[in-house]
Amino acid sequence: MVSQSIKQSDDSCNHHSAITQNIIIRSFKNFITHNIGILIALLLISAILTFTTPVFLTQENMLSVLRQISTNMCLALGMTLIIILGGIDLSVGSIVAMAGTLTVGFISIGEMGIIPAIFLGLFIGTLCGAANGIAIAYTGIPPFIVTLAMMMIARGVGFIYSGGQSIRIFDESFTSIGTGYLGMIPYPVIYMLFFIIIMLVLVNRTRLGTYIYALGGNREAARLSGIAIKRVEITVYTIAGFLAAFAGIVLAARMYSGQPSVAQGYEMDAIAACVLGGISMSGGIGRISGTILGVIVIGVINNGLNLLGVNSFWQLVAKGVIIFLAVYVDMLKRKRAK
Amino acid sequence: MVSQSIKQSDDSCNHHSAITQNIIIRSFKNFITHNIGILIALLLISAILTFTTPVFLTQENMLSVLRQISTNMCLALGMTLIIILGGIDLSVGSIVAMAGTLTVGFISIGEMGIIPAIFLGLFIGTLCGAANGIAIAYTGIPPFIVTLAMMMIARGVGFIYSGGQSIRIFDESFTSIGTGYLGMIPYPVIYMLFFIIIMLVLVNRTRLGTYIYALGGNREAARLSGIAIKRVEITVYTIAGFLAAFAGIVLAARMYSGQPSVAQGYEMDAIAACVLGGISMSGGIGRISGTILGVIVIGVINNGLNLLGVNSFWQLVAKGVIIFLAVYVDMLKRKRAK
Amino acid sequence: MEQVVLQLSHIEKKFAGVHALKDMHFNLKPCEVHGLLGENGAGKSTLIKIIGGIYKPDAGEIKINGKTEIINGIKDAQSRGINVIHQEIVLVPYISVYENIFLGREPKTRLGFKDHRQMITKAKTMMESMGLTIDVLRPVNELTIAQQQLIEIVKAISFNVRILIMDEPTSSLTDKEVEQLFVMIKRLTEHNVSIIYISHRMDELFTITDRITVIRDGSYVDTVNTKETNIDELVKMMVGRNLNNYYQRHYQSDGECLLEVKNLSKKGVFHNVNFKLKKGEILGFSGLMGAGRSEIMQAIFGADQYDSGEIYFDNKLVNIQSPQNAIDIGIALIPEDRKKQGLILGNSIAFNLTITVLKQFMHGCFVNQQKQKEIIQYYIKKLNIKTPSADKIVGQLSGGNQQKVVIAKWLATKPKIIILDEPTRGIDIGAKAEIYQIIDELCANGIAIIMISSELPEIINMCDRVCVVANGQIQGELSRHELTQEKIMKLATGRA
Amino acid sequence: DENKPIKFAFITSTLNNSFFTAISDTFSEIAKQNGDHYILIDPQYDQAKQISMMEDVINQKVDIIYLIAVDSEGIRQGLLAAKQKQIPVVVIDNPISDDDLVVSTVASDNFLAGKINGEQMAKDFPNGAKIAVIDCPFNRASVLRADGFYAGLGDNKSKFNVVSQQNGKCALEVTMPIAEDIIQAHPDLQAFFAVNDPSALGVVVALKASNKLKNVKVYTVDGSPDGKKAFSDGDLTLTVAQAPIQLAKETYKVGKKVLAGEPVAKEILVPTFPITKEMIEKNGVKVWQ
Ligand SMILES: Nc1ncnc2c1ncn2[C@@H]1O[C@H](COP(=O)(O)OP(=O)(O)OP(=O)(O)O)[C@@H](O)[C@H]1O
Ligand SMILES: Nc1ncnc2c1ncn2[C@@H]1O[C@H](COP(=O)(O)OP(=O)(O)OP(=O)(O)O)[C@@H](O)[C@H]1O
Ligand SMILES: [Mg+2]
Ligand SMILES: [Mg+2]
């Protein structure tokens, strides 16, 4: 089930081109069959929005939605690996805030160069992820507790560093990381696409990807099969930490400021996107394509409700109902498929 | 392991008194052995606080701690059942806010009588819990998603009802629910003790208690034993909804107002208390006594850090580290016990 | 007409894509022990689940005591006196034995609480009457599999049972417990209970049953009186052809020593374990349940720690810290519990077959999927794994085919030593023969094999030498020519 | 006497905003000068926690409490506890409903701040405009500002078309995507009113991202350093200043008077005023007023 969902990239021989085409078609079919429920939900929501608000389907709005979901995408991609592994990570929201605040602080207060500041920010965030992984792998404390502790610690560090306030930054060469465009496509969208590709390759084409599924499916069997389960765990949490730190820095650039109180509850959005995308909380099951769709559905719901000018209180209710229904449609489709 | 942790209450025959005594001693031993790690953690923390701040061990402060933990205790007790069942409930914080806001609103705006208003508030909160349970039992949607949806919906309802603002109440006969004393013991502490006893009886002395463990431990075995799985699930989520609504009304009474934005993230505190108390997130394992200690540990940490005047940002870091260490001590003790 | 307690006719049951039962017939006489025999996946468990009210048949008729009835769920079946001991252990792990026994029908006190005292007393009485010494207050997860299996039996009998169905109750019991079980069964039949008994162990069927019904591919083949049949006839009915050479073994001349274990000890588990393993031989490890055989092998494989001792591979001292080390050296362990330790049930055959050897398919950072596919196809063919495709989810295969996947997964690592822990548990006789053939072939290719087994016929007929383990110690070693049931049992029970 | 050191607590609602840290820093500075014992309490915007923490502070027997309530209605229990122990409470910034239980309330004139915005907008768009409002309904000060804003539009109110009013939760990262979506839905939008600087900056960031900053005016309240910088860069059209430093100084003075037994006014409004280019030239943008 882990195989064949993207084209093999190092495939150059000519006589392989038929096979390659075959693989693409098969990947596409797989994509449809595995995500049919959420696809239907997404189409339904989009159809309704297209009819009710003319702006929805404009290119501009679509790009704006893509930019808005880029943060959640980064977090949800990392979260996907962790959930497939059978874990959970509550600390990503805090790491987003901490990495953004520190990086901006290093530049604005610490007068560091932009590149070293970004590297240091990324490094510290990644380190938090690695610390999660090491604690989980070596102490046997449940991921929920380890990452809950990290959630508080990272949040605290961001606050302490900045004294609780936001730190402003004006340096164009930094803020353009979050606000710039390549052609008409915003940078954050490009990062997002980049990470999606990396993740698809990682999960479907590398050993690590297989091992993640193995660990989540049956930890004991994975151990007895000679998989270095600690190394896999640490790697996965480290990746999630890196992605969170990256998202935090981009977000800070977009906001022209490092904000230590930002991104509260982002971990829940990321988890919701995963579960919406069919990643099972009990581990071992799920596909990156599902998560991607989950993130998109949540993004489209948010965007649509804002476009329609729905009052923020009603938005809460509407979002709750729509998420529930989207998963329900997915469940029904899955059952029928069986 | 679910057995013998409280004395059988309907024990009248004389020749049984030796056995009864035996059971009490055994319950106590069980309590110690099962919670040795967290007990050590609690003792350590308390010892440090006693030496560093003179106020800590005063009767006044102890009562104040007990009152402070009463809300989390209600939520954590309900959460314990749900986690043992193998589920999770993210909606309790929102139900707290909604029940408090609606009840106060019914009295202040709706000019309802206090008793009917409280009943209606409790009823609506309980209904939310029941709705969670029904959705989970009948659709097979993961509890995480169902209760996440409910979290948004209940929060939204509270906001919509009050227009986002808090609703004031002066009626002493209502507010005394949260602010009154029996002798020198605050009412909320009494409710808390009451619910603790109810829960201990429920888990250890009723069929439902066994069925909860059975479902969480081996769902298939429970099904094959003819247990009405759906009924158990619905009952448990309903209980959690009721407890959350109750906590919300008491909290509103303490605050002399219904506040729709209160209690955000309380679900995490409740879950943290459970996990700290050794309730396994994978279901089937754990004891009420563990949760009680978990709630106390978190309460004492919060109180202690405030008494010591630790800066709120450093408090975050300290809390993260202490929770991690408390669970770690517990793990080590458990391992050694084996 | 002869009296019949239970009669099933024209039963049909389909699962998605599988026609599990086709026009199935079955009848059960009062007080008889009726064996059900068939290959893995023949539909035995499905049939008894229909009787037990767990599945509803798609078509067909069920008569109980001559009256046509519809069984509505488990409780309904139980209220009619029908009770099932399932193939998989279905106990709740973290609650006590007595709570498991009374799960779903706890007695209540006047106030409506569970009556712990009554449950404990009753459970203790039941245990005693069965001659068991298990503490009913202990949580089930602390018991051994064998003990859990016995609890299942006690639980089933504790109902007011008229028809008792046992689905492979002995797959994790040793001879002693099996004897105990048979005494229990005899006693039950004397008390007017009819029993349906499923097992892949032929000798048991001949010992305990009165009649045997054979199923093949979900269809009824025949019902025979046990006294009037023999193994060969049954096997032929079961697999549809004659099966000669049941145990295949071509003994080799002595090879060089490949593995030597010296004074291996782990406190409280095993002590001073010494043995040598030569190329091309099968070294058996026999003993009672819980003797410590699995633990010794887990330690050698690096899956568990040991306190002291040395392991020599090819006359060189080796330090095995983890399964990876063992695999790198060339040791493979096929664990006793394929579901918990061997397979990732939710994933495909291909996935499971290749996780031990992914390293071989690396193309830079990426996995070469073409090469991977070739290997997968090779092993599916070589071990004759019955499946429509390599993408089938392993959890959906029959037990025998699952076991073959585990074996294939380890053969793929090209090991020099294979440790087999209960390699044929729960596997039908046809598949067993195939596995024996594979084992024999491996030996012929110079691979050394350690085989732990609780089935004495298997040990006696396959091994070159046998170490008998009791209480974590090797009590003695028997060569091929000395192997008899009595000698092994004497050493295993410490009566030597 | 006036200069005797005191033991006082400042219970804030949160410290996640430079407005509150400016107040707490001012208190801390004054305390240092006077040799006072100063306790800072931060319940991180949780009303229930604030009550508990206030009780803890009362147990520690302070002379006076300066309080920013999380919610105007919810702090009564804490006030009653203070009253029981006869500890005076002075409320800052967020007026509360139980003003009988406090000696004095020192607050920015939030209504006026909103009103100045409304008036300015009415002046800038004499023919009316299509506008959007970012509010924060569960914060009393924000509600007053929004009310003031509508009042400030005055007779011209009917000419203004409020196409969207959304809850930005007073936070930049919450407001940013909302503003982006509003801009998408209403490309011809002419102005935003946001209830505080962070949400206004969220609007600015969203406008920048869609290159509309030149076409849309942004009005707000606060005059925080970040807001002033944005104003001096021309990103914000108007920010009406609150003065936390002055607020803190005023509050401290009131407290001293109370402890000395002198009468104090029940309500002291610290005026709000539009930030101007001249002010920024004079004082820079680094600090609050
Ligand atoms: N719940 C199910 N869903 C789909 N297929 C099933 C299900 N249960 C059984 N089957 C299929 O029905 C067939 C009969 O299975 P069954 O479990 O009855 O075999 P069995 O005779 O008990 O085999 P074994 O000896 O291995 O226990 C098999 O092909 C099996 O894969
Ligand atoms: N995970 C475990 N936790 C606790 N005790 C265990 C565990 N595994 C095994 N034991 C105990 O260790 C002892 C040796 O068990 P082991 O599985 O090695 O025996 P064995 O000879 O292989 O028997 P079997 O035929 O059951 O595999 C037994 O008493 C068993 O109960
Ligand atoms: Mg079967
Ligand atoms: Mg074993």
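Where a number appears in this text, it was derived from the coordinates with a stated rule and is not lab data. Predicted, not measured: the structure shown is a model, and the values here were computed from it. Reconstructed Cβ throughout: ideal geometry from the backbone, glycine too, with neighbour counts over all protein chains shown.
Mind computing the radius of gyration and Dmax over the alpha-carbon atoms of the range D:58-101? Å is fine for both.
Rg then Dmax for the range D:58-101, in Å: 9.7, 26.
So in chain C, what percent of DSSP beta bridges are antiparallel if you round to the nearest 5?
For chain C, the DSSP antiparallel bridge percentage is about 55.
In µm²/s, what is D for chain C at 25 °C and 0.890 mPa s, where D = kT/(6 pi eta Rh) by Stokes-Einstein and Rh is the Kirkwood radius from Cα pairs?
My calculation gives 101 µm²/s for D.
In nm, one decimal, shortest first: how far is the label point of A:LEU325 (7 Å from Cα along Cα to beta carbon) from the matching points in the other copies?
Here the equivalent label points are 5.1 nm apart from this one.
Along the positive direction of the dipole of the range A:35-337 (beta-carbon charges: Lys, Arg +1; Asp, Glu -1; about the Cα centre), which of A:MET192, A:ALA272, A:GLY121 reaches farthest?
The Cα lying farthest towards the positive end belongs to A:ALA272.
Using a cut-off of 10 Å between beta-carbons, work out the net charge of the residues near D:PHE111 (Lys and Arg +1, Asp and Glu -1, D:PHE111 not included).
Net charge around D:PHE111: 0.
Between D:VAL287 and A:MET62, what FRET efficiency comes out of the Förster formula 1/(1 + (r/R0)^6) with R0 = 41 Å and r the beta carbon distance, rounded to 0.05?
0.45
Between C:VAL318 and C:ASP23, what is the spin-label point distance in nm, taking each point 7 Å from the Cα along the Cα→C-beta axis?
Inter-label distance under the simple model: 5.6 nm.
Run the simple label-point estimate for D:LYS266 and C:THR121 please: 7 Å along Cα→C-beta, distance reported in nm.
7.4 nm
Taking the number of other C-beta atoms within 10 Å as the exposure measure, put D:ILE6, D:ILE51, D:ILE64 in order starting with the fewest.
Values: D:ILE6 18, D:ILE51 29, D:ILE64 22.
Going from sparsest to densest Cβ surroundings: D:ILE6, D:ILE64, D:ILE51.
Can you give the local net charge around A:MET79? Use residues other than it whose beta-carbon is closer than 15 angstrom to its beta-carbon, Lys and Arg +1, Asp and Glu -1. Working shown, then result.
On the way: positive: A:ARG287; negative: A:ASP89, A:GLU233, A:GLU267, A:ASP269.
Counting the neighbours of A:MET79, the net charge comes to -3.
Eigenvalues of the Cα gyration tensor times 5, then square-rooted: what semi-axes does that give for the range C:214-327, in whole angstrom, largest first?
For the range C:214-327, the semi-axes come out at 42, 19, 14 Å.
With N set to the number of residues, divide the alpha-carbon radius of gyration of the range A:154-241 by 2.2 N^0.38 Å and report two decimals.
1.60
If one computes the Cα centroid of the range B:93-149 and of the range A:38-80, what distance in Å separates the two points?
31 Å
Summarise the long-distance tail of P(r) for the range C:281-358 by giving the % of C-alpha pairs beyond 22 Å.
For the range C:281-358, the share of Cα pairs beyond 22 Å comes to 34 percent.
For the protein assembly as shown, what is the convex hull volume of its Cα atoms per residue in Å³?
Expressed per residue, the convex hull around the Cα atoms of the protein assembly as shown is 205 Å³.
Going by how many other Cβ atoms sit within 10 Å of their own, how do B:LEU49, D:LEU247, A:LEU208 line up, fewest first? Don't skip to the answer; put the middle values down first.
Values: B:LEU49 20, D:LEU247 24, A:LEU208 17.
Arranged by neighbour count, lowest to highest, B:LEU49, D:LEU247, A:LEU208 become A:LEU208, B:LEU49, D:LEU247.
Give the distance, in whole Å, between the Cα centre of the range B:173-188 and the Cα centre of the range B:235-268.
17 Å
With just the Cα atoms defining each centre, how far is the range C:170-226 from the range C:421-436? Give it in Å.
Each part reduced to its Cα centre gives a spacing of 19 Å.
Just rank C:HIS34, C:HIS19, C:HIS481, fewest to most, by other beta-carbon atoms within 10 angstrom.
Taking fewest neighbouring Cβ atoms as first place, the list is C:HIS481, C:HIS19, C:HIS34.
Please list, in order, the residues from the range A:139-160 whose amide nitrogen is less than 14 Å from a point placed 7 Å along the Cα→Cβ vector of B:LYS335.
Counting only backbone N, you get A:139-142.
Where does chain D land on Rg(C-alpha)/(2.2 N^0.38 Å)?
1.05
For the range B:226-338, how big is Rg over Rh, using alpha carbon atoms and the Kirkwood form of Rh? Numbers along the way, then the final one.
Working: Rg = 17.1 Å, Rh = 16.5 Å.
Taking Rg over the Kirkwood Rh, I get 1.04.
Compactness ratio of the range C:257-492: Cα Rg over 2.2 N^0.38 Å, N = residue count? Could you put the intermediate results ahead of the total?
Working: Rg = 17.7 Å, N = 236, 2.2 N^0.38 = 17.5 Å.
My calculation over the Cα atoms of the range C:257-492 gives 1.01.
In a shell of Cβ-Cβ distance under 15 Å around A:MET98, excluding A:MET98 itself, what net charge do Lys and Arg (+1) and Asp and Glu (-1) give?
-2
How far, in nm to one decimal, is B:ILE36 from itself in the other copies if the label point is set 7 angstrom along Cα toward Cβ? Shortest first, please.
Spacings between copies for this position, smallest first, are 5.5 nm.
How long are the semi-axes of the equivalent ellipsoid of the range C:6-239, taking √(5λ) for every eigenvalue λ of the Cα gyration tensor, in whole Å from largest down?
Working through the eigenvalues yields semi-axes of 31, 21, 16 Å.
How long are the semi-axes of the ellipsoid equivalent to the range C:1-76, from square roots of 5 times the Cα gyration tensor eigenvalues, in whole Å, largest first?
20, 15, 11
Given just the C-alpha atoms of the range C:292-420, how large is their convex hull per residue in cubic angstrom?
Dividing the Cα hull volume of the range C:292-420 by its residues yields 122 Å³.
Got the A:GLY180 label distances to the other copies yet, label 7 Å along Cα→Cβ, in nm, shortest first?
6.7
Enumerate the whole-percent occupancy of each 10 Å bin, from 0 to the last occupied one, for all C-alpha pair distances of the range B:35-337.
7, 27, 33, 24, 8, 1, 0
To check you understand DSSP bridge types, tell me what percent of the beta bridges within the range C:381-496 (both residues inside) are antiparallel, rounded to 5.
Among the beta bridges of the range C:381-496, antiparallel pairing accounts for roughly 55 percent.
R0 = 51 Å: FRET efficiency of C:ASN263 with C:ILE231, Cβ-based, nearest 0.05?
Once the sixth-power term is evaluated, E becomes 0.70.
Taking just the C-alpha trace of the range C:428-480, give me its Rg and Dmax in Å.
Final numbers for Rg and Dmax: 12.3, 34 Å.
Please find the FRET efficiency linking B:LEU193 to C:LYS67, where r is the Cβ-Cβ separation and R0 is fixed at 56 Å, and quote it to the nearest 0.05. Please list the in-between numbers first.
Working: r = 57 Å, r/R0 = 1.01.
My answer for the efficiency is 0.50.
Just to be sure I understand: of the beta bridges DSSP finds with both ends in the range C:6-239, what percent are antiparallel, rounded to 5?
Antiparallel: roughly 55 percent of the beta bridges in the range C:6-239.
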